[in-house]
Amino acid sequence: MISVEDKDDDGADGLRKIIHVDMDAFFASVEQRDNPDLRGKPVAVGGSSGRGVVAAASYEARKFGVKSAMPSVTAKRLCPDLIFVKSRFDAYREVSQQIRAIFRHHTDLVEPLSLDEAYLDVTEDKLGIGSATRIAELIRQEIRAKTRLTASAGVSYNKFLAKLASDQNKPDGMCVIRPGEGADFVQSLPVRRFHGVGPKGAEKMDRLGIQTGAELAAKDIEWLRAHFGSFADYLYRAARGIDLRPVRSSRIRKSVGGERTFSRDLSSGSELRETLEDIIDIVWGYIERAEAKGRTVTLKMKYIDFQIFSRAKTVDQPITDRAQFEALSRQLLEEVLPLPMPIRLMGLTLSKLEGGKEEPRRPDAQLSLL
C-alpha cells in the first residue's frame with residue numbers, strides 16, 4: 001500500500017499534480033449526519049418498494065453486500081435490518097456546493113464527476129502551497145470541519161492513478177502514488193478495480209487468464225485489439241499507469257442517461273415495462289444530480305442479434321419533473337411493442353440540454369442491476 005510521506009512528492013519532470021476527492025458514502029452519510037437515529041445503522045437511500053432501487057448505501061449496509069443500483073428487494077434480503085430513507089437532492093446539492101467552494105479555494109481547475117467527487121489540478125495552486133499531498137490533507141480537514149462529513153483522496157500525476165488512489169484507503173483515507181510508482185501500483189491491482197472494467201469485462205478477462213494489472217500489461221496491443229476492439233488502447237495505457245487527459249474545469253454537457261444489459265434476453269411486454277421502471281428510477285437520479293434540463297428523451301435497445309434500435313421524442317419545453325420524463329419514456333416503449341425479437345440491453349437518455357452545467361466524465365453509465 002502506498003503511504004503518505006512528508007516530502008516533495010509531485011511535480012517532478014513537469015508532471016501534473018492531480019487530486020481526486022471522493023466523499024464517503026455521500027448520500028447515506030448526509031442522512032446519518034442529519035438524523036442521529038441513523039448513525040451506526042445500515043442505511044440505504046432510495047425507494048423500498050418492489051420496484052425501488054438503492055441510490056446509495058452506508059458503510060454499515062455495505063458490509064452485508066448492499067450496493068448502489070441494487071434492487072431494493074435484493075438489498076432487504078441481504079440486510080433484513082436495512083433502513084430505507086427517501087433521497088433529498090436539495091440537501092445533497094447544498095453540501096456539494098460547500099465542498100466545491102473548498103476545492104476552488106485551492107484551484108480553479110476543478111472537474112466535478114458528480115455531486116460527491118471531483119478531480120483537481122493543483123500543479124499551480126492558488127495559495128502557493130506547492131505540495132499536492134499537503135493540499136489534499138487540508139481539503140479533507142476543511143470538508144470535515146465545514147460539513148461534518150468525511151472524504152477520501154487520491155494524489156498522483158494523472159487522473160487515472162488519482163482515482164485509483166482515492167479508493168485505496170476508503171473510508172476517510174488518503175493514498176499518494178508518486179512519479180515512477182504508477183506502473184507498479186497498477187500492476188498489483190485486480191483488473192476489476194480499473195475504471196471502465198465492469199463485471200462482464202472482468203469475467204471476460206478472467207476467461208482469458210487476466211486477473212491483475214500485471215497480467216494485462218503482459219499482453220501486447222495487437223492481442224488486446226483482437227479481443228477487446230476499441231477498448232484495447234485504453235487497457236494498454238491503463239495497465240502501464242498512463243493517462244494524458246487534462247482536468248477540465250467545465251464542458252458543455254450533451255446528454256445524461258444510462259443503460260442496462262440483462263443477464264438473460266427479455267421479450268415480454270410485462271418484463272420490459274418493469275425493466276423500464278428500474279431504468280427510469282436510476283436515470284432520473286442521474287438527471288437530478290446533474291441538474292440537467294433537456295427536451296429529448298431517447299429509448300435505446302439492443303436486440304439479441306446485436307442490432308441497436310432507438311426511438312426519440314422531443315418536446316417544446318425542457319423536461320423539469322420526473323412525471324413528464326416517466327410518461328415520455330413509457331410512451332416510447334409502448335410505441336415499439338411488441339418487439340420483433342428479444343433484447344439484451346435497454347437504455348434511456350435525456351438530451352438537447354439547456355444551460356452550461358459542468359459535465360460528469362461519463363454521462364451515460366452502465367447500470368449494474370443484475
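Can you find a residue in the range 28-49 that is more than 23 Å from Gly173 (Cβ to Cβ) and of a type in the set (Lys, Arg)? Among the residues of the range 28-49, not one is more than 23 Å from Gly173 (Cβ to Cβ) and of a type in the set (Lys, Arg), which makes the answer no. Restricting attention to the range 161-170, the residues that are buried (at least 24 other Cβ atoms within 10 Å of the Cβ) and either farther than 18 Å from Ser29 by Cα or in the same structural domain as Phe194 (by TED's automatic domain parsing) (or both) total 4.
Would you pick out the residues in the range 92-125 that are aromatic (Phe, Trp, Tyr) and in contact with a strand residue (DSSP E or B) (Cβ under 8 Å, 6 or more places away or on another chain)? If the condition is that a residue be aromatic (Phe, Trp, Tyr) and in contact with a strand residue (DSSP E or B) (Cβ under 8 Å, 6 or more places away or on another chain), then Phe103, Tyr119 are the ones that fit. Would you mind stating whether Arg178 is surrounded by 20 or more Cβ atoms within 10 Å (Cβ to Cβ), among the charged types (D, E, K, R), in contact (Cβ under 8 Å) with a residue 12 or more places away in the chain and under 25 Å from Ile18 (Cα atoms)? Criteria met by Arg178. Arg264 falls short on exactly one of the conditions (1) surrounded by 16 or more Cβ atoms within 10 Å (Cβ to Cβ); (2) at pLDDT below 85, and that condition is (1). Residues that are without any contact (Cβ under 8 Å) to a residue 24 or more places away in the chain and closer than 21 Å to Ser268 by Cβ within the range 320-339 comprise Gln331, Glu334, listed in sequence order. Taking residues in the range 22-40 that are free of Cβ contacts under 8 Å to residues at least 40 places away in the same chain, and partners anywhere that are surrounded by fewer than 17 Cβ atoms within 10 Å (Cβ to Cβ) and in a loop (DSSP other than H, G, I, E, B), the pairs with Cβ atoms closer than 9 Å and at least 6 places apart or on different chains are Gln32/Arg39; Gln32/Gly40; Gln32/Lys41.
For the range 190-205, state whether one or more residues are aromatic (Phe, Trp, Tyr) and not in a loop (DSSP other than H, G, I, E, B). No, the range 190-205 contains no residue that is aromatic (Phe, Trp, Tyr) and not in a loop (DSSP other than H, G, I, E, B). Assessment of the range 148-161 against the conditions (assigned to a loop (DSSP other than H, G, I, E, B), modelled with pLDDT of 95 or more and small (Gly, Ala, Ser)) yields no matching residue. Considering the range 280-296 alone, what residues qualify as being at pLDDT 90 or above and of a type in the set (A, V, I, L, M)? Answer for the range 280-296, where residues must be at pLDDT 90 or above and of a type in the set (A, V, I, L, M): just Ile280. In the range 296-319, the residues that are in the same structural domain as Lys352 (by TED's automatic domain parsing) reach residues that are surrounded by 18 or more Cβ atoms within 10 Å (Cβ to Cβ) and of a type in the set (Phe, Trp, Tyr) with C-beta atoms within less than 6 angstrom, at least six apart or across chains, in these pairs: Ile319/Phe325. Does Glu271 satisfy the criteria of being of a type outside the set (Phe, Trp, Tyr), surrounded by 13 or more Cβ atoms within 10 Å (Cβ to Cβ) and either farther than 27 Å from Arg344 by Cα or in the same structural domain as Gln331 (by TED's automatic domain parsing) (or both)? Considered against the rule, which asks whether it is of a type outside the set (Phe, Trp, Tyr), surrounded by 13 or more Cβ atoms within 10 Å (Cβ to Cβ) and either farther than 27 Å from Arg344 by Cα or in the same structural domain as Gln331 (by TED's automatic domain parsing) (or both), Glu271 comes out as yes.
For every residue, the table says whether it meets (1) in contact with a strand residue (DSSP E or B) (Cβ under 7 Å, 6 or more places away or on another chain); (2) part of a helix (DSSP H, G or I); (3) among the β-branched types (Val, Ile, Thr).
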| position | (1), (2), (3) |
| --- | --- |
| Leu299 | yes, no, no |
| Asp305 | no, no, no |
| Thr314 | yes, no, yes |
| Phe325 | yes, yes, no |
| Arg330 | no, yes, no |
| Glu335 | yes, yes, no |
| Pro338 | no, no, no |
| Arg344 | yes, no, no |
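Filtering the range 302-321 to residues that are more than 30 Å from Asp116 (Cα to Cα) and either buried (at least 19 other Cβ atoms within 10 Å of the Cβ) or among the acidic types (Asp, Glu) (or both) leaves Asp305, Asp316.
The values are calculated or read from the model by the stated rules, or taken from the named source; none is laboratory data. Being a predicted model, the structure only gives us computed values, none of them experimental. Please note: Cβ atoms are built from the backbone with ideal geometry, for glycine as well, and neighbour counts cover all protein chains shown.
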